[in-house]
Amino acid sequence: MELQIGTDEFSRALYRAQGIVEKKSTMPILGSVLLEATEDGRLRVSAFDLEIGVTGTHPCEVRKGGGVAIKHKELYDIVRALRRSRWCSGARRNNRVRLTSGAAEFNIVGQPAEDYPPFPRAEKVSFVPVEPTALLEMIEKTQFAISADETRHNLNGVFFETGEGNVRMVATDGHRLSLVRVRSRAVQPQARRDRPPQGAVRACAGCCRRTRPAPASWDSPRQSGVFRRGDVTMVMRLIDGTFPDYQQVIPKEADRTVIVDRPACSTR
């Protein structure tokens, strides 16, 4: 593998992966990112912890195709320290990787790409369009209520529901509940009720917040969730179990109504 890529472009890819790579695991290779140079002039960067995976393709100059897994922290620290706008990478024998940028040169010991866990492929799925700005707002208004109690596994994420022209997101920790409802203009072939885990919710928020302007879409084939925006695809294992019937919790009527000024109530 041999390629040349912009430092800023590659730094964005590694920043996106840092929330996915496993820092403490019985499988050391999960602390690495998988780099694959394709023949069509793209670098695919993937991170996968067996529960959540994110992969993205980035433009580059590919001189020789191939793949290698490199420790994420070591690679990210090097890329962040570089001042030159472009750097070159080349994989040699025994998966040793040589990085050059101007007068700087680094040598890192990598691992075979074949040893990296197979990344779930999101093919032949029927995506439902989701507005990134609206999705980010929904996440920010519900993620605080996600339960951190691991014994209540069915509450360790959000309940994502589509249908009847609405997209709803609900989270509860058993003491508080947050529900956000957004009108959807997209044609929905069927209602969906999915439960993405908390880590995947945070990663989706980061993708909506930082990725260049691009439409987003969602699907859930075979108990897995797939989120896609632009050249970035995220695959996650959905939470098993039954989410509480939140409709029964929300009062249908209220005999008291309080109206307050939001800026006056906000904390500084």
Practice task
Can you tell me the 0 to 90 degree angle between the C-alpha axis of helix 72-81 and the longest principal axis of the chain, rounded to 10?
Solution key: 80 degrees
Exercise for the section: Enumerate lysine pairs in the chain that are 8 or more residues apart or on different chains, then count those whose Cα atoms are under 26 Å apart. Expected result: 6
Exercise for the section: Using only the Cα atoms, work out Rg/Rh for the chain, with Rh taken as the Kirkwood radius, to two decimals. Expected result: 1.04
Fill in the blank from the handout: The ratio Rg/Rh over the Cα atoms of the range 137-189, Rh being the Kirkwood inverse mean 1/r radius, stands at 1.05
Completion exercise
Helix 7-17 sits off the longest principal axis of the Cα atoms of the chain, rounded to the nearest 10 on a 0 to 90 degree scale, by 50 degrees
Exercise for the section: Please give the per residue accessible area of the chain, computed with a probe of 1.4 Å over protein heavy atoms only, in Å². Expected result: 59 Å²
Completion exercise
In the chain, taking the dipole from +1 charges on Lys and Arg beta carbons and -1 charges on Asp and Glu beta carbons about the Cα centre, the listed residue (Ala113, Gly41, Ala200) farthest towards the positive end is Gly41
Exercise for the section: Considering the options Cys60, Leu82, Gly31, tell which one lies farthest towards the positive end of the dipole of the range 1-83, charges being +1 on Lys and Arg and -1 on Asp and Glu at the Cβ, about the Cα centre. Expected result: Leu82
Fill in the blank from the handout: In order over the range 253-262: 3J(HN,Hα) from phi, Karplus 6.51/-1.76/1.60, θ = phi - 60°, whole Hz, x for each Gly or Pro, gives 9, 9, 8, 10, 10, 10, 10, 10, 8, 4
Handout entry: Degrees between helix 198-210 axis and first principal axis of the chain (Cα, 0 to 90, nearest 10)
Key = 70 degrees
Completion exercise
So, relative contact order of the chain in percent, Cα under 8 Å, 6 or more apart, is 16 percent
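The values are calculated or read from the model by the stated rules, or taken from the named source; none is laboratory data. Here the structure is a predicted model, which means the values were calculated and not measured. Heads up, the Cβs are rebuilt from the backbone with ideal geometry, glycines too, and the neighbour counts pull from every protein chain shown. The area values use the complete protein model at the heavy-atom level, side chains included, leaving out ligands, DNA and RNA. Shrake-Rupley method; radii C 1.70, N 1.55, O 1.52, S 1.80 Å.
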